[in-house]
Amino acid sequence: MTDINRRKFLKLAGASTIVGLLGGWKAVELLAPGELDAKYLPKPEALTAKRWAMAVDIKKMDEDTAKKCIEVCHRIHNVPDIGDPRREIKWIWLEPFKNAFPGQHQEHIAERLKEEPFIVLCNHCDNPPCVRVCPTKATWKREDGIVMMDQHRCIGCRFCMAACPFGSRSFNWGDPRPFIKKRYPEYPTREKGVVEKCNFCAERLAKGLMPGCVEASDGALVFGDLADPKSEVRRVFRQHFAIKRKPHLGTNPQVYYIV
Amino acid sequence: MVDKSNKVINALKETGFFKPRKIYDGGKVIVGIIILFALVAFPLLYNMGKAAKVPDPKVNTPEIQKLPEKERVCVEPKKYMTENHMKLLNDWRDWVVREGSRDYIGFTKKKYTMSLQNTCLECHSNYDNFCNECHKYAGITPYCWSCHVEKPEEWAAGKLKEEK
């Protein structure tokens, strides 16, 4: 290229300008709004987090408050009240300490807690065994940590129920609709043959609302982003000692109990 | 050519297969055949000349009437919705449940919340004269309605009879 002269240089420069313009124009076409516009997007008011977690403040969570939480949750999700314990459906319920925390039942620590029923729900584990066993990916862990259920995909094999060490999942042995006492028009019901459980009110978070139980709990339930040091849950954890259910199983529950 | 075919016919005759024979219990067999034919043909004959009513989904619900004439459009153009609403609903399902996105931008650039029970049925509150009008005609029973409530307000008020 040592014998390049003025004329050759100008020719080359002109040719490359034309090629560049053509390429540039294609880029403009590609980036122009239109077909490539997103047709769907999250609501701007949606609550988002890197890792949702809940803390139950046992001192504030008396039985009345717990019952209020359960009532609200089951009403806004059309959870049926079947009565028969073998067929019951539950998203959030009460459990005595020794059942909620087996192996942590120490005589004197437990004295105060012994009589108290504990509010329990799906722990939205960080390492959820239910997700690992689901053959259809009907249950999976969202990026924000919520262990979700897609009722459309559930085939009712109940592997997840066998895998869950907390009994958080219920199976619809029959059509639940006749057993729904208070019907809520904004949420679908389930049908015969699917598994269901707490979804951390994903449908409310998407609308910018806190979970139903948290709203009904008068501060006994704290909900927030574990990855955000300024969040309410992190503030509570800085001040109090919290335990998790069955930590030795390694599922890493994300519902904490402040005792 | 003719010789050849005659040969074949003769050969067949020799087998004795085409010899006229008596049908055992012939009367009963023939009556049986007639009954079978009548049973098979009955639905066809019964409905002959009667065309099924062409579906005419109604869009005159109060919610739609409230809108000014120009804004009486669905999330996508009518033709697209008629042909592809099931695909759109499948997409909505995946985007909402699996991706957590809840807003949809329609062809008029208006934002809609993706929800069968809360958004679609808000305008199309006449399940019997809208959804079911075509579904019945086409003979399909989509299983949307085993979970999603087709008449949410009536259902919540306890006015809806449990059919299933």
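The values are calculated or read from the model by the stated rules, or taken from the named source; none is laboratory data. Owing to the predicted nature of the structure, the values given are computational and were not obtained by experimental measurement. Neighbour counts run over all protein chains shown; Cβ positions are idealised from the backbone, glycine included.
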Quiz prompt | Members of segment A:48-59 found to be within 22 Å of B:M114 (Cα to Cα) and surrounded by fewer than 19 Cβ atoms within 10 Å (Cβ to Cβ), listed by number | solution = A:T48
Exercise. Looking at (1) among the charged types (D, E, K, R); (2) part of a loop (DSSP other than H, G, I, E, B); (3) more than 10 Å from chain A (Cβ to nearest Cβ), find the lone condition where B:E76 falls short.
Key: (3)
Quiz item: Restricted to segment B:80-112, and to residues that are farther than 25 Å from A:R153 by Cα and of a type outside the set (K, R), which residue is nearest to the other protein chains (Cβ to nearest Cβ)?
Solution: B:I105
Quiz item: Does B:I105 satisfy being modelled with pLDDT of 95 or more and either in contact with a Leu (Cβ under 7 Å, 6 or more places away or on another chain) or surrounded by fewer than 16 Cβ atoms within 10 Å (Cβ to Cβ) (or both)?
Solution: no
Exercise. Of all residues in segment A:108-136, count the ones that are modelled with pLDDT under 95, surrounded by fewer than 20 Cβ atoms within 10 Å (Cβ to Cβ) and touching a helix residue (DSSP H, G or I) at 6+ places or on another chain (Cβ under 8 Å).
Key: 4
Exercise. Tell me which residues, restricted to segment B:98-124, are under 27 Å from the mean Cα position of the chain (by Cα) and within 19 Å of A:T48 (Cα to Cα).
Key: B:M114
Quiz item: Taking segment B:1-39 on its own, how many of its residues are under 46 Å from the mean Cα position of the chain (by Cα) and part of a helix (DSSP H, G or I)?
Solution: 14
Quiz item: Going by the conditions given, is A:F166 touching a residue at least 12 places away in the same chain (Cβ under 8 Å), surrounded by fewer than 19 Cβ atoms within 10 Å (Cβ to Cβ) and more than 14 Å from every other protein chain (Cβ to nearest Cβ)?
Solution: no
Self-check item: B:L116 in contact with a Leu (Cβ under 7 Å, 6 or more places away or on another chain), in contact (Cβ under 8 Å) with a residue 24 or more places away in the chain, facing chain A (nearest Cβ under 9 Å) and over 22 Å from B:V54 (Cα atoms)
Solution: yes
Practice problem: Determine if segment A:33-47 includes at least one residue that is on the phi > 0 side of the Ramachandran plot, exposed (fewer than 15 other Cβ atoms within 10 Å of the Cβ) and either of a type in the set (D, E, K, R) or more than 21 Å from the chain's Cα centre (by Cα) (or both). | Solution: yes
Self-check item: In segment B:126-155, residue farthest from the other protein chains (Cβ to nearest Cβ) [restricted to those that are assigned to a loop (DSSP other than H, G, I, E, B) and surrounded by fewer than 14 Cβ atoms within 10 Å (Cβ to Cβ)]
Solution: B:G139
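For residues that are outside any helix (DSSP H, G or I) and free of Cβ contacts under 8 Å to residues at least 24 places away in the same chain, scanning just segment B:40-59, find the one that is surrounded by the most Cβ atoms within 10 Å (Cβ to Cβ).
Among those that are outside any helix (DSSP H, G or I) and free of Cβ contacts under 8 Å to residues at least 24 places away in the same chain, it is B:N47.
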Quiz item: What tally of residues in segment A:48-61 results from selecting those that are in a loop (DSSP other than H, G, I, E, B) and within 14 Å of A:V214 (Cα to Cα)?
Solution: 3
Quiz item: Of the residues in segment A:88-126, how many are within 17 Å of A:I258 (Cβ to Cβ) and among the aromatic types (F, W, Y)?
Solution: 3
